[in-house]
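Structure record follows, encoded as structure tokens.
The values are calculated or read from the model by the stated rules, or taken from the named source; none is laboratory data. Here the structure is a predicted model, which is why all the values come from computation and not from measurement. Here the Cβ positions follow ideal geometry from the backbone for every residue, glycine too, while neighbour counts run over all protein chains shown.
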Amino acid sequence: MCIRDRYLALARETFDVEFAESKFSKAKSILLSLSPNAIGFDKLVTNDEDADKALSFFKSHECEKIFLFQTTFTDAKFLLNFAQSINKPLCIVSFPEPRTGGRLRLNSICGLNLGMHSLIKNNITPEFVIIESDDSVNKSLFLNFINGSNDNQPLLWNKATLSGNEVDFNYTIDKQTIGIIGTRPEGFDTCDYDSNEVTTKLNVSLVDLDLDDLFDEAKDVAAATITETKNTVSSYLQGTEELVQEEFDKSLSIYHGLENLKDKHNLDAFAIRCWPETFTEYGCASCGPMAMMNEKKVSCACEADVLGGISCNILNQMNDSPSLLVDIVDVDKSDNSLVFWHCGLAPISMAKEGTAKSGIHSNRKKPLLHDFSLKQGQITIFRVSKARNKLQFFIMKGHVIDRPNSFSGTSGVISLGDDSPHKLEQMFKGGLEHHVAFTYGDISDKLIHFGKKMNIPTYTL
């Protein structure tokens with residue numbers, strides 16, 4: 001007999017697995033109340049061995065539909081392989097989490113974002129559900145998938161049009177050079193790029209470097225130079241004296257290593273494999289050094305995200321303020337807001353007054369990170385995207401709301417206008433990458449004009 005509905009759950013052990021287990025248990029209870037005969041792989045899939053067992057389980061047990069619980073952030077490697085191998089309708093269930101100001105314990109929504117991009121690039125279009133809270137679950141979203149009655153609204157990505165406001169378009173962007181340090185992490189299809197396309201369509205040169213190139217430069221930085229930089233950083237970040245000073249020094253040496261590579265290769269921006277090797281091999285976080293470079297408008301994109309780095313660099317060329325590449329990590333329908341976050345690489349000029357302090361990485365427990373809430377103000381959101389395998393520009397307007405820091409690192413609570421959660425859903429359905437860039441102010445018309453000038457299709461919501 002074919003059981004109609006089955007389930008499994010994904011997690012990564014660097015996040016709060018116990019919390020993830022509790023989310024999975026509650027969500028599974030909801031599913032079983034609606035589909036009592038549903039069975040699944042009850043162990044969280046956290047490693048390759050679990051993944052192989054889960055895949056074998058599903059290959060040996062027929063079903064019609066599958067619920068996949070994205071309990072924490074994971075890369076898309078297993079998800080894509082699973083979806084292609086099983087080839088059944090798939091609904092991904094994701095979980096917001098309390099904005100406590102502490103560790104980002106799950107980062108589930110970012111995992112959903114990354115997974116959707118990868119699946120859609122491979123012509124797989126799953127459903128997804130973002131559970132609002134343990135106490136407020138719209139069971140109809142589950143039932144719609146179970147019963148095959150999900151009424152998907154069409155994508156609302158629209159061809160971008162100029163507002164009609166007077167804007168000075170008398171600018172040019174000279175050929176830019178991006179340094180790629182290391183390779184993107186496995187399963188991060190969102191960070192993929194076509195080097196020929198980057199060169200010919202975006203007018204960007206690429207310089208490939210190894211992580212060892214950065215580490216070698218950092219190791220050669222003089223102790224006196226590090227001490228001078230430490231004094232400067234300690235003047236605008238609270239709590240640096242509480243850091244493990246040897247690790248703090250190593251992190252600052254990474255900053256000077258980036259400076260040296262920039263000068264040696266005439267680089268305008270970086271895309272950096274920021275983990276795990278900076279932690280495991282060099283012994284520190286690169287987030288703080290990248291934040292310091294971002295402040296100087298030398299953008300540093302995490303996870304070797306080349307198109308993300310180019311996105312930030314374009315914003316830097318068009319605006320007086322620096323830019324930042326972020327994850328979208330939370331949504332709250334009750335107050336129509338999202339959270340933009342990254343580990344701790346926001347430039348200091350983006351800090352809400354009086355909140356800037358030093359920090360350690362929430363998972364890896366090493367410095368240096370910037371730790372603060374983003375200042376209030378209008379922002380322009382931008383991405384050079386390969387969503388749906390098409391080179392395009394994606395633009396949105398938003399506003400940073402005056403709120404405390406949602407999670408350790410650097411974060412801001414964002415409004416996208418009248419219906420932020422719906423716009424988030426449209427971004428995910430469209431396959432937008434899990435990194436978006438933003439800068440303060442409204443430069444959307446400049447970006448639209450630039451898209452036309454470069455003959456790049458440009459969209460907005």
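Which of the residues spanning segment 95-117 are touching a Lys or Arg at 6+ places or on another chain (Cβ under 9 Å) and aliphatic (A, V, I, L, M)?
LEU106, MET116
Considering only segment 15-49, how many residues are out of contact with any helix residue (DSSP H, G or I) (no Cβ under 9 Å at 6 or more places or on another chain), free of Cβ contacts under 8 Å to residues at least 60 places away in the same chain and in a helix (DSSP H, G or I)?
10
Looking at ARG403, ARG388, can you tell me which residue is over 23 Å from ILE254 (Cα atoms) and either in contact with a helix residue (DSSP H, G or I) (Cβ under 7 Å, 6 or more places away or on another chain) or crowded, with 24+ Cβ neighbours inside 10 Å (or both)?
ARG388
Mind telling me which of the residues ASP52, ASP75 ends up being of a type outside the set (S, T, N, Q), in the same structural domain as LYS139 (by TED's automatic domain parsing) and surrounded by fewer than 16 Cβ atoms within 10 Å (Cβ to Cβ)?
The match here is ASP52.
Scan segment 1-14 for residues that are hydrophobic (A, V, I, L, M, F, W, C) and touching a residue at least 60 places away in the same chain (Cβ under 8 Å) and jot them down.
Once the filter is applied, which keeps residues that are hydrophobic (A, V, I, L, M, F, W, C) and touching a residue at least 60 places away in the same chain (Cβ under 8 Å), segment 1-14 yields CYS2, ILE3, LEU8, ALA9, LEU10, ALA11.
Scan segment 214-243 residue by residue and report those that are touching a strand residue (DSSP E or B) at 6+ places or on another chain (Cβ under 7 Å) and within 12 Å of LEU261 (Cα to Cα).
Within segment 214-243, LEU214 is the sole residue that qualifies.
Restricting attention to segment 357-379, which residues are modelled with pLDDT of 95 or more, polar (S, T, N, Q) and within 30 Å of MET396 (Cα to Cα)?
SER373, GLN376, GLN378, listed by residue number.
Which numbered condition in (1) over 28 Å from LYS453 (Cβ atoms); (2) surrounded by fewer than 20 Cβ atoms within 10 Å (Cβ to Cβ); (3) among the small types (Gly, Ala, Ser); (4) touching a residue at least 12 places away in the same chain (Cβ under 8 Å) is the only one that SER358 fails?
The single condition SER358 does not satisfy is (2).
Just to check your reading of the model, which residue among LEU325, LEU307 is at pLDDT 95 or above and closer than 17 Å to ILE379 by Cα?
When all the criteria are applied, what remains is LEU325.
So ASN158 fits all but one of (1) surrounded by fewer than 13 Cβ atoms within 10 Å (Cβ to Cβ); (2) under 24 Å from the mean Cα position of the chain (by Cα); (3) modelled with pLDDT of 90 or more; what number is the exception?
(3)
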